[in-house]
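The values are calculated or read from the model by the stated rules, or taken from the named source; none is laboratory data. All figures in this text were calculated on a predicted structure; none of them were measured in a lab. We place every Cβ from the backbone using ideal geometry, glycine too, and count neighbours over all the protein chains shown.
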Amino acid sequence: MASATYLSNPGVMINSVNLTDMCTSATVRNRAEALEATAFGSTSRSFVAGLSDQEIVLDLYMSYAATETYATLAGLVGTVTTVKVATTDAALTTATATAPRFELVGTYLEELPVIDATMGELSTISITFRGGVLSTIVS
């Protein structure tokens, strides 16, 4: 039985711009490549950690207004930046043990869909920041 409930409503900051009000989904992934270390005589495969590979995937409403989605992201394509995702908007500036912030520093934005439109729907885009160093901030 679960002893705690987490209702997702994270805060999102890209390159020091708070885009929480434009974000509908945020996923932070921390992985290590699996390198096979199986030797002769082994009866099962074994693995060791290789290079780390972090990413943050965000789904955002598209807006072309100043300080909104397009204005914030357009200049970041092909560059490295810092992305912060916290369990609450307040934790973007003041993280705690129960409301941590995850920071991906030196992360790369490869592409930005500049228009992704469907008749009768709000325009949304999905972007992925890859690489960099992931830190968990709790104070």
Look through E33, E110, E103 and report the one residue that is surrounded by 15 or more Cβ atoms within 10 Å (Cβ to Cβ), in contact (Cβ under 8 Å) with a residue 12 or more places away in the chain and among the acidic types (D, E). E103
Yes/no for T43 being surrounded by fewer than 19 Cβ atoms within 10 Å (Cβ to Cβ), touching a Ser or Thr at 6+ places or on another chain (Cβ under 7 Å), among the β-branched types (V, I, T) and more than 13 Å from T128 (Cα to Cα): no
Test T81 against the stated conditions and say whether it is more than 16 Å from V17 (Cβ to Cβ) and not charged (D, E, K, R). no
Is it the case, given these coordinates, that A49 is closer than 19 Å to T20 by Cα and either at pLDDT 95 or above or hydrophobic (A, V, I, L, M, F, W, C) (or both)? no
Restricting attention to the stretch 51-69, which residues are loosely packed, with under 12 Cβ neighbours inside 10 Å and out of contact with any helix residue (DSSP H, G or I) (no Cβ under 9 Å at 6 or more places or on another chain)? L51, A66, T67
For A71, only one of the following conditions fails: (1) within 25 Å of I115 (Cβ to Cβ); (2) of a type in the set (A, V, I, L, M, F, W, C); (3) within 18 Å of the chain's Cα centre (by Cα). What is its number? (3)
Select from the stretch 118-137 the residues that are surrounded by 11 or more Cβ atoms within 10 Å (Cβ to Cβ) and part of a loop (DSSP other than H, G, I, E, B) and list them in ascending order. S123, G131, G132
How many residues of the stretch 11-51 are in a loop (DSSP other than H, G, I, E, B), touching a strand residue (DSSP E or B) at 6+ places or on another chain (Cβ under 9 Å) and on the phi < 0 side of the Ramachandran plot? The answer is 5
Check whether at least one residue in the stretch 113-124 is under 12 Å from V57 (Cα atoms) and in contact (Cβ under 8 Å) with a residue 40 or more places away in the chain, and report yes or no. no
